[in-house]
Amino acid sequence: MSRVRVHNLSISLDGFGTGEGQSLDAPFGHAGVRLHDWFFQTRTFRSMQGQDGGETGADDAFAARWNEGVGAEIMGRNKFGPQRGPWQDEEWNGWWGENPPFHTPVFVLTHHPRPSVSMQGGTTFHFVDAPLPEALRQAREAADGLDVRLGGGPSTVRAFLREDLVDHLHIVVVPIVLGRGERLWDGNEGLEQRFRVETVTTPSGVTHLTFTRP
């Protein structure tokens, strides 16, 4: 069976995966881009933007794994955009422009389904109101034997962890303190007992934690 994988999910020292106050102008709330500075410096990120250059060290080696062998993604609605409740604007198709970086089916978890949207480059957003195991079943079917990436945000990853539906978890601990926002670990006491845990600290100051099922 295909695996469920999380990659490049950055959290602060106090466990927040995004800041408070998400808006159109502040996708990560008051955290700004501080959780992701390490990623923006990598060759992987610059390549996703159609740019040359970027760092090629350990941070890039971790970052580059995000898309290997992935056939579909699941994300929470808060990763898709800043709207809450019934859709006020169905013209909104995410933060990523006309050619999002996923190039696979993407299943957006929401209590307010809307018609699927096909984008350039092979990305199709499907808006799903279903229990997590059913959403995962749909994503696995669409992935056609490849793995399913769980793209976030932190509340979505936290919920999948609670239901023990994650096979590989890559967390990047960034040496900042946010104080408020959306926490990752709450309700997942003893998580480490289900996984083999490895850590790597890089010159950028971040620590990569990988949790992999034995």
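The values are calculated or read from the model by the stated rules, or taken from the named source; none is laboratory data. In this text the structure is predicted, and so the values were computed from the model without any measurement. Ideal geometry is used to build each Cβ from the backbone, glycine not excepted, and the neighbour counts take in all protein chains shown.
Here are the numbers:
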item	result
Residues that are surrounded by fewer than 22 Cβ atoms within 10 Å (Cβ to Cβ) and either within 14 Å of K79 (Cα to Cα) or within 14 Å of the chain's Cα centre (by Cα) (or both), drawn from region 10-27	G19, E20, G21, Q22, S23, L24, D25, A26, P27
Candidate set: region 54-92, residues that are part of a strand (DSSP E or B) and at pLDDT 95 or above; chosen: the one farthest from L146 (Cα to Cα)	G76
Pair list, Cβ < 6 Å and 6+ apart or interchain, from region 161-184 residues that are buried (at least 20 other Cβ atoms within 10 Å of the Cβ) to residues that are in a loop (DSSP other than H, G, I, E, B)	L161/N188; V172/V206; V174/L35; V174/V206; L178/G19; G181/G19; G181/E20; L184/G15
V200 being in contact with a His (Cβ under 8 Å, 6 or more places away or on another chain) and more than 23 Å from V148 (Cβ to Cβ)	yes
Filtered residue count, region 1-39, keeping only those that are of a type in the set (A, V, I, L, M, F, W, C) and closer than 21 Å to G179 by Cα	10
Unmet criterion (only one of (1) exposed (fewer than 12 other Cβ atoms within 10 Å of the Cβ); (2) of a type outside the set (G, A, S); (3) in contact with a Pro (Cβ under 9 Å, 6 or more places away or on another chain); (4) closer than 27 Å to N78 by Cα) for V206	(1)
Within region 37-94, considering residues that are among the aliphatic types (A, V, I, L, M) and either buried (at least 21 other Cβ atoms within 10 Å of the Cβ) or in contact with a helix residue (DSSP H, G or I) (Cβ under 8 Å, 6 or more places away or on another chain) (or both), the one farthest from G205 (Cα to Cα)	A72
Filter result (over 29 Å from L136 (Cα atoms) and in contact with a Leu (Cβ under 6 Å, 6 or more places away or on another chain)) within region 28-78	A31
Candidates F45, F39, F16, filtered to the one that is at pLDDT below 95 and closer than 30 Å to R84 by Cβ	F45
Residue list for region 102-123, restricted to those being under 18 Å from N78 (Cβ atoms), part of a loop (DSSP other than H, G, I, E, B) and not hydroxyl-bearing (S, T, Y)	F102, H111, H112, P113, R114
Any hit, region 110-118, residues being surrounded by fewer than 19 Cβ atoms within 10 Å (Cβ to Cβ), more than 28 Å from V172 (Cα to Cα), among the β-branched types (V, I, T) and without any contact (Cβ under 8 Å) to a residue 40 or more places away in the chain	yes
Count - residues of region 54-109 that are touching a residue at least 60 places away in the same chain (Cβ under 8 Å) and of a type in the set (V, I, T)	2
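Let's see how each residue does on (1) touching a Phe, Trp or Tyr at 6+ places or on another chain (Cβ under 9 Å); (2) part of a helix (DSSP H, G or I); (3) touching a residue at least 40 places away in the same chain (Cβ under 8 Å):
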| position | (1), (2), (3) |
| --- | --- |
| L9 | no, no, yes |
| R34 | yes, no, yes |
| W38 | no, yes, yes |
| F45 | yes, yes, no |
| D52 | no, no, no |
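Conditions tested, residue by residue: (1) closer than 23 Å to A31 by Cα; (2) not polar (S, T, N, Q).
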{"residue": "F80", "(1), (2)": "yes, yes"}
{"residue": "F102", "(1), (2)": "no, yes"}
{"residue": "S116", "(1), (2)": "no, no"}
{"residue": "L132", "(1), (2)": "no, yes"}
{"residue": "Q138", "(1), (2)": "no, no"}
{"residue": "R158", "(1), (2)": "yes, yes"}
